[in-house]
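Every number here is computed from the coordinates shown, using simple stated rules; none is lab data. Note that the structure is a prediction, hence the values are computed from the model and not measured. In this analysis, Cβ positions are derived from the backbone assuming ideal geometry, glycine residues included, and neighbour counts consider all displayed protein chains.
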Amino acid sequence: MSAHPNDGGPAFPVGETKFIAECGMTLRDYFAAKVIGHLCVSELRQENTTQQDAAYAYAVADAMLKAREVRHD
C-alpha cells in the first residue's frame, strides 16, 4: 500500500510511537470508508462498478481532507 501525500495521519492514534501510529487506518481511509458505507445503502446509488465506487469514495475523502486545511478565521 503506497502512502498518499496527505492522508490525514492516523485515524485512531494509540500512542506517540511512530511505528504504532503508522500501523493503522489513516484519516483518509476512515473518510473513504464512511463514504462507501453511504453509497452501499443510498437510494440514489447509480449502477457503478465497485472500482468506480472506491475511486469516488477516495475522491470525496481527499476533498474532506482539503476542506480541513481551510481556516475560517
### Message
As a test of understanding, state the convex hull volume per residue of the stretch 25-69 from its alpha carbons, in Å³.
### Response
66 Å³
## Note on the structure
Ordered by number, the trypsin sites (Lys or Arg not before Pro) in the stretch 28-63 that occupy a DSSP loop and have at most 11 other Cβ atoms within 10 Å are R45
### Full-extension gain in nm, R45 to A67, via 0.36 nm per residue minus C-alpha separation
5.5 nm
### Summary
Residues whose modelled amide H sits under 5 Å from the amide H of T26, counting only those 5 or more places away in sequence or on another chain, are A11
### Message
I'd like the FRET efficiency for Y56 and F12, computed as 1/(1 + (r/R0)^6) with the beta carbon distance as r and R0 of 22 Å, rounded to 0.05.
### Response
0.40
